[in-house]
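None of the figures in this text is laboratory data; all of them are computed from the coordinates on show. Here the structure is a predicted model, which is why all the values come from computation and not from measurement. Please note: Cβ atoms are built from the backbone with ideal geometry, for glycine as well, and neighbour counts cover all protein chains shown.
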Amino acid sequence: MSENFGVIFSSILDGLTTTIWATLGGIALTIVLAFAAGLGMLSRWLAVRWLARIYVEVFRGTSEVVQLFWIFFVLPLLVGFRLVPLFAGILVLGLNHGAYGGEIVRGAVQSVPKAQHEGAIACNFSPAQRMFRVILPQAVVEMMPPFGPDIMVIYGVELAFYLVLAILITIVMRALESAGAKRIGRMPPPRTKFLAKTQGGGV
Amino acid sequence: MSVNYEQSFNGPMIQFDNVVKRFGQLTVLEDLNFDVAPGEFVTLIGPSGSGKTTILRLLMTLEKLTEGTIYVGGEPLSHLHKDDKLVEANEKHLREARKKIGMVFQQFNLFPNMKVLRNITEAPVRSLGRSRDEAEKRGSELLEMVGLSDKVDAHPSQLSGGQQQRVAIARALAMEPKVLLLDEVTSALDPELVTGVLHLLKEIAETTDITFLCVTHEMQFARDVSDRVMMFDSGHVIEDAHPDKLFTDPDPDPDPDHERTREFLHAVLDRG
Amino acid sequence: MVWDRGAVSDSFPLLLAGLVVTLEITVLGSLLAYVLGLVFALIRRLRVPVLNQAVYLFVEFIRSTPLLVQVFVFFWVLQPAVGLPISAFASGVIVIGVHYACYTSEVYRAGIEAIPQGQWEAATALNLPRTRVWSGVILPQSVPRVVPALGNYTISMFKETPLLLAIGVQDLLNRAKEYGAETFSVTEAYTMAGAFFLVISYVASLLVRRLESRVGQL
Ligand SMILES: Nc1ncnc2c1ncn2[C@@H]1O[C@H](COP(=O)(O)OP(=O)(O)OP(=O)(O)O)[C@@H](O)[C@H]1O
Ligand SMILES: [Mg+2]
């Protein structure tokens, strides 16, 4: 283990600027997904409602850690290339928090009184105008507590945490694998570059 | 109701001795002095914010005194004698002192997690050390007295406001208090339920030797049952008289305090 | 890349064994979190000298550091330093239970604060002893109200147990990883692990929602 701590430390520092950019990207992804899912769940079209609902339930219901593994190990098999761990982390974070955020957006939009809808209809606004000019500006106020300014800080911390998580999991799995391999008399696999492949040649 | 002189202690049952109560900057009671004799029924009236509730809460030890002393049955309520001086009482003393005092609240404050009978038996069992059987027997009697025998096993939420308040009265009586404090006990009730509760209280006042301190806006009731009515304003007693005198005194009185009482009564009675 | 149905049925027993471990950790961790959280809340509320401040600092500290780091520090640093041979499984239960206790203590605190002042005053007026006020009046009213919130934390905990893979706990995700490494059926293994989580946490959240509506009528 111990020789790895230096590596962890330097890669965290290396990743700092990347982390900051990634944080901003993650926030943007979350917000976009949250609004898309939230409004999707309120859509007039059944298919859209179902799609949004499935997205929300799947990403809330399957563990975030499992999602990380899935994106990291399964997705490459489907798309043919592997994401940099940091971006895998951001993607999971965005997808996962976007799902939770979707519920917040939906709740906030539904909390706007019916009279506001009717008022907007009386003003002869189009459905889009009703949503973007009347309903959403009021709903956004409702969303503020969960989406407050603290979210930036939390996000930064969490992303850094994800970076560390990805690194740590890889290291530990290696350690466990080599420990297990030693016990059954196999040579530990040759050390590859950090976070490259963890499954040996098969993947 | 006459004063009961047969009690072993023959001083006042309640005595306020230069009581001061402040909430931060706000002085609610200023050098308040008054006595209540054993068995007496005293009604407190006065404008909103004059400190009536505060007096009852001080007696129930729900608030702390700022200065002065309150005596109940001759004993300092929230103080202890120590080397000729009075020091603030500890929880043990307070628990002993509270045995003498019961209170019925405006909002009933029944325990919603306990059935009606359990509400009534808690205090006898936990405070007076009665056996549960004994407490339940007495509790059933009290429920019968307040006319709710059939509600023994009901939950408070299944009762009307008037019924809840009658349970609360039975609950307070079950702890066999020497002093019973009533703070606007009918204010939260629908008008048609008020009479029943007031009747019950009148009956209790007439058949027991409990000392009552009562805050109410029911002037007819106050007049019927009180031995004395005290009018408060800005933390002072400005009138202290027999109800017949206070409510009917036709004499034009130059005293400005009396004028204030009259204005107050006019306002209350006109509204009622 | 195709979906291999054989791998699904083939890996099922292994994954099921992992799921049992995951559920065991969730149940034991929840029990610890429920009890310890209440103890924390009471220590804070009763302002027990010294312990009050200690619990405050501890809760703040735990809530502001990631669970994974706590798992690591406990298993690789603290536990060897003290020299107690605590298994990875037990370490997982302890760390997760204590971690969530710091959240459930807030739930209990809010539940206790939601009891109207009049209940305390009536209890005082009836001269009930302190212990009876808590055991007979306050807790019986606040605990049922917080059950749904506790249930939600249990669901969160369930979904966070895979982190314990970091200390080698043989949980569902670890078994999926193991199976994937052995057979190269990575897609099936991880997807099934996800599906297990989805089904159980979805059903559990439906139950919690039903509890919520029942508690709403209290
Ligand atoms: N806990 C408290 N903190 C601060 N001020 C208080 C508190 N309790 C009471 N007061 C103030 O003390 C004054 C007296 O209040 P109190 O409740 O005794 O009046 P009251 O005579 O019972 O009035 P009402 O007829 O409206 O019930 C009021 O000005 C009130 O605002
Ligand atoms: Mg009052």
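So in the stretch B:98-116, with the set limited to residues that are more than 7 Å from chain C (Cβ to nearest Cβ) and surrounded by 22 or more Cβ atoms within 10 Å (Cβ to Cβ), which one is nearest to residue B:209 (Cα to Cα)? If we take residues in the stretch B:98-116 being more than 7 Å from chain C (Cβ to nearest Cβ) and surrounded by 22 or more Cβ atoms within 10 Å (Cβ to Cβ), then B:101 is nearest to residue B:209 (Cα to Cα).
Taking the stated definitions as given, is residue B:153 over 19 Å from residue B:104 (Cβ atoms) and either part of a loop (DSSP other than H, G, I, E, B) or within 14 Å of chain C (Cβ to nearest Cβ) (or both)? Explain how you work it out, then say what you get.
Values: over 19 Å from residue B:104 (Cβ atoms): yes; either part of a loop (DSSP other than H, G, I, E, B) or within 14 Å of chain C (Cβ to nearest Cβ) (or both): yes.
Yes.
Only one entry in C:199, C:147 is under 30 Å from residue C:46 (Cβ atoms), β-branched (Val, Ile, Thr), more than 10 Å from chain B (Cβ to nearest Cβ) and in a helix (DSSP H, G or I), namely C:147.
Yes or no, residue by residue, for (1) more than 16 Å from ligand 2 (Cβ to nearest atom); (2) touching a residue at least 12 places away in the same chain (Cβ under 8 Å); (3) among the hydrophobic types (A, V, I, L, M, F, W, C):
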{"site": "B:22", "(1), (2), (3)": "yes, yes, no"}
{"site": "B:25", "(1), (2), (3)": "yes, no, no"}
{"site": "B:29", "(1), (2), (3)": "no, yes, yes"}
{"site": "B:36", "(1), (2), (3)": "yes, yes, yes"}
{"site": "B:41", "(1), (2), (3)": "yes, yes, yes"}
{"site": "B:44", "(1), (2), (3)": "no, yes, yes"}
{"site": "B:50", "(1), (2), (3)": "no, yes, no"}
{"site": "B:54", "(1), (2), (3)": "no, yes, no"}
{"site": "B:58", "(1), (2), (3)": "no, yes, yes"}
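Screening the stretch C:1-74 for helices (runs of 4 or more DSSP H) wholly inside it with 1 or more residues that are of a type in the set (Ser, Thr, Tyr) and within 14 Å of chain A (Cβ to nearest Cβ) returns the ranges C:5-45.
Just to be sure, is residue B:203 among the charged types (D, E, K, R), within 16 Å of ligand 2 (Cβ to nearest atom) and either surrounded by fewer than 21 Cβ atoms within 10 Å (Cβ to Cβ) or free of Cβ contacts under 8 Å to residues at least 24 places away in the same chain (or both)? Considered against the rule, which asks whether it is among the charged types (D, E, K, R), within 16 Å of ligand 2 (Cβ to nearest atom) and either surrounded by fewer than 21 Cβ atoms within 10 Å (Cβ to Cβ) or free of Cβ contacts under 8 Å to residues at least 24 places away in the same chain (or both), residue B:203 comes out as no.
Okay, residues lined up against (1) within 14 Å of chain B (Cβ to nearest Cβ); (2) out of contact with any Lys or Arg (no Cβ under 7 Å at 6 or more places or on another chain); (3) small (Gly, Ala, Ser):
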site	(1), (2), (3)
C:108	no, yes, no
C:114	yes, no, yes
C:136	yes, yes, yes
C:157	no, yes, no
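Restricting attention to the stretch A:50-72, the residues being part of a helix (DSSP H, G or I) and of a type in the set (Gly, Ala, Ser) number 2. Taken over the stretch B:25-41, residues that are of a type outside the set (Val, Ile, Thr), near ligand 1 (Cβ under 8 Å from one of its atoms) and in contact with a Gly (Cβ under 7 Å, 6 or more places away or on another chain) amount to 0. Scanning the stretch B:176-197 for residues that are buried (at least 20 other Cβ atoms within 10 Å of the Cβ) and touching an Asp or Glu at 6+ places or on another chain (Cβ under 8 Å) turns up just one, B:186. When the stretch B:193-220 is filtered for residues that are of a type outside the set (A, V, I, L, M) and either within 16 Å of ligand 1 (Cβ to nearest atom) or closer than 21 Å to residue B:31 by Cα (or both), the ones remaining, listed by number, are B:214, B:216, B:217, B:218.
In the list A:47, A:88, A:36, A:28, which residue meets the criterion of being assigned to a helix (DSSP H, G or I), touching a Phe, Trp or Tyr at 6+ places or on another chain (Cβ under 9 Å), small (Gly, Ala, Ser) and surrounded by fewer than 21 Cβ atoms within 10 Å (Cβ to Cβ)? The match here is A:36.
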